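*Asks:* The structure under discussion is supplied below as structure tokens; questions concerning it will follow.
The values are calculated or read from the model by the stated rules, or taken from the named source; none is laboratory data. Since the model is a prediction, treat every value here as computed from it, not as a measurement. In this analysis, Cβ positions are derived from the backbone assuming ideal geometry, glycine residues included, and neighbour counts consider all displayed protein chains. Surface accessibility is based on the protein's heavy atoms, side chains included, excluding ligands, DNA and RNA. Shrake-Rupley method; radii C 1.70, N 1.55, O 1.52, S 1.80 Å.
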Amino acid sequence: MSIAFVFPGQGSQAVGMGKALADTFASARAVFAEVDEALSQNLSKIMWEGPEADLTLTENAQPALMAVSMAVVRVLEKEHGITVGGTAACVAGHSLGEYSALAAAGTFSIADTARLLKIRGKAMQAATPVGTGAMAALLGLDFAAAAAAAAEGAQGDVCQAANDNSDGQVVISGHKAAVERASDIAKAKGAKRAVMLPVSAPFHCALMQPAADAMAEALAKVQMHAPAVPVIANVKAGPLTDPAAIRDSLVAQVTGTVRWRECVAHMAAQGVTLFVELGSGKVLTGLAKKNAPNAQAIAIGTPDDFAAALPLLKG
């Protein structure tokens, strides 16, 4: 059985996430303490007690989701002897989850990853004035049709495909009026629904260029190591192992399309038969079942999840 570890992105956060891990495992508590210290912020308190509005802030949600993912990674390592390098054929993460994947594979330290994601969250939030951008999920169209609707709706504004999550679930992003136009065009092209998303900024489109510049500057200063296993990069939908190429990919990812459908298809084509989502929620587990129906997919985010997962991970 070939295994891929995958790491969730924004939207998977929930008040209380990681609390049971911290209560149960010293190795998980150490991760949350390390993130709090790196950020000089009691982020774990926001994660476990809320308020939800504070946790949902991009600059908090991004490092918080990484912290839960890395807590799971550390519990696997310390309690069960399961390492990323010794168990997984590759790693991948959805948007900010790519940073979690790289931390898990040893490219970044946990502290550096937390700081990078805090910078990334703040920069993405600040890239556009509140209310000028929007994102919408187009349901029932394939990627080509959704991208065409986005291009047609742009009309001189920015509107592009941001997330290719699965066949029939594509998220578009850009100026609010353009996204609304593209949503109407998509429905005329046969989309079942076009759902405006409750996001604070238009991620993964050209409006995020100031954030991409900020990440280029931040990533240039951070120590990077080759990952223990290849990372399947969002913008390439293929494997990267060279730190310089990974850095370039992370910068491009801020304004580029998250090609998640293709990432999962690539991993399945390379022989991955088990996708293990590490962290909060089960969004990627559901997408794995859509994008690689012949593979198995499980999620580990709470102490109770380990019992079912361990026999599969240990073969």
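*Asks:* Would you be able to say whether some residue in the range 53-61 is farther than 17 Å from residue 111 by Cα, surrounded by fewer than 24 Cβ atoms within 10 Å (Cβ to Cβ), within 20 Å of the chain's Cα centre (by Cα) and of a type in the set (D, E, K, R)?
*Replies:* Checked against the condition, which is being farther than 17 Å from residue 111 by Cα, surrounded by fewer than 24 Cβ atoms within 10 Å (Cβ to Cβ), within 20 Å of the chain's Cα centre (by Cα) and of a type in the set (D, E, K, R), the range 53-61 yields at least one hit.
*Asks:* If a residue must be among the β-branched types (Val, Ile, Thr) and under 19 Å from residue 10 (Cβ atoms), how many such residues does the range 273-291 contain?
*Replies:* Matching residues across the range 273-291 total 2.
*Asks:* Please indicate, with yes or no, whether at least one residue in the range 113-128 is in a strand (DSSP E or B) and open to solvent by 40 Å² or more (accessible area, probe 1.4 Å).
*Replies:* No; the residues of the range 113-128 include none that is in a strand (DSSP E or B) and open to solvent by 40 Å² or more (accessible area, probe 1.4 Å).
*Asks:* Looking at 84, 15, which is the one that is touching a Phe, Trp or Tyr at 6+ places or on another chain (Cβ under 8 Å), surrounded by fewer than 24 Cβ atoms within 10 Å (Cβ to Cβ) and touching a residue at least 60 places away in the same chain (Cβ under 8 Å)?
*Replies:* 84
*Asks:* Which one is farthest from residue 108 (Cα to Cα) among residues in the range 191-223 that are part of a loop (DSSP other than H, G, I, E, B) and open to solvent by 30 Å² or more (accessible area, probe 1.4 Å)?
*Replies:* 192
*Asks:* Sticking with this structure for a sec: Which one is most open to solvent (accessible area, probe 1.4 Å), of the residues in the range 18-43 that are polar (S, T, N, Q) and over 17 Å from residue 54 (Cα atoms)?
*Replies:* Of everything passing the filter in the range 18-43, 24 is most open to solvent (accessible area, probe 1.4 Å).
*Asks:* Also, quick follow-up: Answer yes if at least one residue in the range 206-224 is touching a residue at least 60 places away in the same chain (Cβ under 8 Å), in contact with a His (Cβ under 9 Å, 6 or more places away or on another chain) and closer than 26 Å to residue 102 by Cα, and no otherwise.
*Replies:* Within the range 206-224 (the criterion being touching a residue at least 60 places away in the same chain (Cβ under 8 Å), in contact with a His (Cβ under 9 Å, 6 or more places away or on another chain) and closer than 26 Å to residue 102 by Cα), the answer is yes, since at least one residue qualifies.
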